[in-house]
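A quick write-up on the structure given underneath.
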Amino acid sequence: MKKIIMLALGAGLFLGSCSKDFLDVSSTRYLSKSDMDKISDYSTHLKDATLYGLYAYNIKAFAGGTTGHDDFGQKGFDIYTDMLSGDMNLNSNIYGWYSNIANFSEMENYASNPNYKPWRFYYFMIRSTNQIIGSLAGEDGTKIPESNKDKVVLAEAKAIRAYMYYNLVNMYTLGYDANQKVLPIYKTATLINQPSKPTKEVYEFMVNDLKESMELFESANATETRIDRITVDYMVTKGILAYVYASQGDAASLVESARLSKELIDSGNYPLATKEGLLKGFNKTSENPNWLWGGRITTQTDLDLVSWWGQVDVFTYSYAGVGDTKGMSKELYESIKDEDVRKKQFVFDKVTDNNGETESFGDNAYIPAGKFYAATGKFHLKQRIIESDYVFMRIEEMYLLNAEVNARLGNDADAKQVLKDMLDIRLGDTSFVDGLSGDKLVDEILHQTSIELWGEGKIYAAVKRNKKSFTYGSNHLSHPKQTFNYDDPRLTFKVPQSELLNNPVYND
């Protein structure tokens, strides 16, 4: 019966992946009102360029401007970076999605869709935030709205704009190089073309946006955590700024990152996940009080196999469920202590669902069947229309970030304490942390980041900002047991050909 289901589903998926992954050749620099109207077919909110339209677009299928089944907003690009980090493996290559990222062939091609899609997506979102900012704060973005409601909308738009630039910096630069010119800066929706700017200016722009966002939240008396936690509020903005400072990497910035992340930890708004919570599926914002920001998905969102869940979850009726699984590096899995509850988040080869039915996914597969599973439950191929949420930020990130930046500053005692505070729930005996210092402490924090945040799109940026290396597991399909430096050009996205052709002032 299982083979019949797989063949029936597989035929449809095969036809989809063999058809051309069509490229929307409209330049991101020339997105117009008519472009917005086209997008409104997917989200009626975007017809008016509203804030909630941006949140809707952030989780929509084909948000990167193609028909690819790996194209579904931020979480799609989280898979890209997780693949490149080596922590996430493509366990088999039946349908072809992600294979050319895993083997680097499309990473080196300026005309490839994997280089185009994130660029197009992030600059589309930037232009949309600029429309909102312009409507509330004037053409130069400096006007302060009178109503608290408008202040909050403006605060969110500025924070989202900075978040988009933060992702562009992580993906398209080799790391913080103040004078490297890679990214154009767009401050208003009316600008057509802008040249690439020094990375230093991009960071200044992000920091300024995030600081102004926090000031607007404060002015509007809107600093409390929102109940639904599905938007970028004051606390999320603070978390994004902590990441930006950590990425910039100078001593003063690391101090600021440590301060902001500690404020979030000490806020008392977000308890660490319990052992039970770590095995609860990561599928509902409402059931995970440790989440700062999630994307709410219901049947009305109308996502199906073209989604993060479709690509990662074996209980969803899509690619992973019929064999194209994504799993953990063998060596990373084996490095998790047996008494660590997070080891139960992964299953080797055979996955048994709640009906007692067992599926085998191969002896190279360490499946996240205990960490990520559909809100409809552990039933093979049951979730057809997605009704499981996305996680974008959770409090454990701030514990790990705080430990990291303190270790980089030489504050080993503080770094070890906050790391142990998080690990105590997971494995009990954390005494192995006590003897660590310097680079060994940083390495252990990154190791714990790889385990804790596996599949959440965070480790790629962490390794790059620490100027470390990526080591691929022995079960990697293309590069087993190989190590790549953080600045290996094959692991950094290329400015797409469409930008270089359509923006005549890019190199000015």
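If you check GLU339 against the conditions, is it in a helix (DSSP H, G or I), in contact (Cβ under 8 Å) with a residue 24 or more places away in the chain and open to solvent by 10 Å² or more (accessible area, probe 1.4 Å)?
For GLU339, the condition - in a helix (DSSP H, G or I), in contact (Cβ under 8 Å) with a residue 24 or more places away in the chain and open to solvent by 10 Å² or more (accessible area, probe 1.4 Å) - is not met.
Per-residue answers, yes or no, for (1) more than 16 Å from VAL236 (Cα to Cα); (2) in contact with a helix residue (DSSP H, G or I) (Cβ under 6 Å, 6 or more places away or on another chain); (3) among the β-branched types (Val, Ile, Thr):
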{"site": "THR129", "(1), (2), (3)": "yes, yes, yes"}
{"site": "GLU139", "(1), (2), (3)": "yes, no, no"}
{"site": "THR142", "(1), (2), (3)": "yes, no, yes"}
{"site": "ASN148", "(1), (2), (3)": "yes, no, no"}
{"site": "VAL153", "(1), (2), (3)": "no, yes, yes"}
{"site": "ILE160", "(1), (2), (3)": "no, yes, yes"}
{"site": "TYR165", "(1), (2), (3)": "no, yes, no"}
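Quick one: is VAL244 more than 27 Å from GLN417 (Cα to Cα) and either in contact with a His (Cβ under 6 Å, 6 or more places away or on another chain) or open to solvent by less than 40 Å² (accessible area, probe 1.4 Å) (or both)?
In short, no.
Can you find a residue in region 98-108 that is of a type in the set (Asp, Glu) and in a helix (DSSP H, G or I)?
There is no residue in region 98-108 that is of a type in the set (Asp, Glu) and in a helix (DSSP H, G or I).
Within region 134-147, take every residue that is part of a helix (DSSP H, G or I) and either open to solvent by 70 Å² or more (accessible area, probe 1.4 Å) or without any contact (Cβ under 8 Å) to a residue 40 or more places away in the chain (or both) and give me the one that is farthest from PHE217 (Cα to Cα).
Among residues in region 134-147 that are part of a helix (DSSP H, G or I) and either open to solvent by 70 Å² or more (accessible area, probe 1.4 Å) or without any contact (Cβ under 8 Å) to a residue 40 or more places away in the chain (or both), the one farthest from PHE217 (Cα to Cα) is SER135.
Answer with yes or no whether LYS238 is surrounded by 20 or more Cβ atoms within 10 Å (Cβ to Cβ), on the phi < 0 side of the Ramachandran plot and part of a helix (DSSP H, G or I).
Judged against the criteria, LYS238 is a match.
Given the options LYS481, LYS467, LYS458, name the one that is within 30 Å of ASN100 (Cα to Cα), of a type in the set (Lys, Arg) and under 19 Å from the mean Cα position of the chain (by Cα).
LYS458
Just the residues that are closer than 19 Å to TRP293 by Cβ and in contact with a helix residue (DSSP H, G or I) (Cβ under 6 Å, 6 or more places away or on another chain), please, taken from region 388-434. Walk me through how you get there before you give the answer.
At the first step, the residues of region 388-434 found to be closer than 19 Å to TRP293 by Cβ are 388-402, 422.
Of everything in region 388-434, those that are closer than 19 Å to TRP293 by Cβ and in contact with a helix residue (DSSP H, G or I) (Cβ under 6 Å, 6 or more places away or on another chain) turn out to be SER388, ASP389, TYR390, MET393, GLU396, MET398, TYR399, LEU400, LEU401, ASN402, MET422.
From the list LEU168, LEU183, which residue is of a type outside the set (Ser, Thr, Tyr), part of a strand (DSSP E or B) and either touching a Lys or Arg at 6+ places or on another chain (Cβ under 7 Å) or within 23 Å of GLY64 (Cβ to Cβ) (or both)?
Working: LEU168 fails: part of a strand (DSSP E or B).
None of the others qualify; the one that does is LEU183.
Any residue at all in region 193-208 that is within 21 Å of the chain's Cα centre (by Cα), within 27 Å of ALA407 (Cα to Cα) and of a type in the set (Lys, Arg)?
Looking for residues that are within 21 Å of the chain's Cα centre (by Cα), within 27 Å of ALA407 (Cα to Cα) and of a type in the set (Lys, Arg), one finds none in region 193-208, hence no.
Can we say SER329 is touching a strand residue (DSSP E or B) at 6+ places or on another chain (Cβ under 7 Å) and free of Cβ contacts under 8 Å to residues at least 24 places away in the same chain? Before the answer, list the steps.
Working: touching a strand residue (DSSP E or B) at 6+ places or on another chain (Cβ under 7 Å): yes; free of Cβ contacts under 8 Å to residues at least 24 places away in the same chain: no.
It is false that SER329 is touching a strand residue (DSSP E or B) at 6+ places or on another chain (Cβ under 7 Å) and free of Cβ contacts under 8 Å to residues at least 24 places away in the same chain.
Restricting attention to region 190-224, which residues are in a loop (DSSP other than H, G, I, E, B) and either buried (at least 21 other Cβ atoms within 10 Å of the Cβ) or of a type outside the set (Gly, Ala, Ser) (or both)?
Those that are in a loop (DSSP other than H, G, I, E, B) and either buried (at least 21 other Cβ atoms within 10 Å of the Cβ) or of a type outside the set (Gly, Ala, Ser) (or both): THR190, LEU191, ILE192, ASN193, GLN194, PRO195, ASN221, THR223, GLU224.
Hey, among GLY281, GLY294, which residue is modelled with pLDDT of 95 or more, assigned to a loop (DSSP other than H, G, I, E, B) and buried (at least 16 other Cβ atoms within 10 Å of the Cβ)?
That would be GLY281, the only listed residue that is modelled with pLDDT of 95 or more, assigned to a loop (DSSP other than H, G, I, E, B) and buried (at least 16 other Cβ atoms within 10 Å of the Cβ).
Out of curiosity, is GLU334 among the acidic types (Asp, Glu) and open to solvent by less than 60 Å² (accessible area, probe 1.4 Å)?
It is false that GLU334 is among the acidic types (Asp, Glu) and open to solvent by less than 60 Å² (accessible area, probe 1.4 Å).
Does at least one position in region 203-213 carry a residue that is in contact with a strand residue (DSSP E or B) (Cβ under 8 Å, 6 or more places away or on another chain), within 23 Å of ASP487 (Cβ to Cβ) and of a type in the set (Ser, Thr, Tyr)?
No; the residues of region 203-213 include none that is in contact with a strand residue (DSSP E or B) (Cβ under 8 Å, 6 or more places away or on another chain), within 23 Å of ASP487 (Cβ to Cβ) and of a type in the set (Ser, Thr, Tyr).
Report, by residue number, each residue of region 66-89 that is open to solvent by 10 Å² or more (accessible area, probe 1.4 Å) and more than 16 Å from the chain's Cα centre (by Cα).
THR67, HIS69
Could you check, for region 245-259, whether at least one of its residues is in contact (Cβ under 8 Å) with a residue 60 or more places away in the chain, out of contact with any helix residue (DSSP H, G or I) (no Cβ under 7 Å at 6 or more places or on another chain) and among the small types (Gly, Ala, Ser)?
Yes, that holds for at least one residue.
Could you tell me whether any residue of region 477-487 is of a type in the set (Gly, Ala, Ser), in contact with a helix residue (DSSP H, G or I) (Cβ under 8 Å, 6 or more places away or on another chain) and farther than 19 Å from ASP78 by Cβ?
Checking region 477-487: at least one residue is of a type in the set (Gly, Ala, Ser), in contact with a helix residue (DSSP H, G or I) (Cβ under 8 Å, 6 or more places away or on another chain) and farther than 19 Å from ASP78 by Cβ.
Among the residues of region 164-211, count how many are over 19 Å from ARG127 (Cβ atoms), charged (D, E, K, R) and touching a residue at least 12 places away in the same chain (Cβ under 8 Å).
Number satisfying all stated conditions: 4.
The values are calculated or read from the model by the stated rules, or taken from the named source; none is laboratory data. Computed from a prediction, not measured in an experiment: that's the story for all the values here. Cβ atoms come from the backbone with ideal geometry, glycine included; neighbour counts cover every protein chain shown. To get the accessible areas, we keep the full protein, side chains included, count just its heavy atoms, and leave off ligands, DNA and RNA. Shrake-Rupley method; radii C 1.70, N 1.55, O 1.52, S 1.80 Å.
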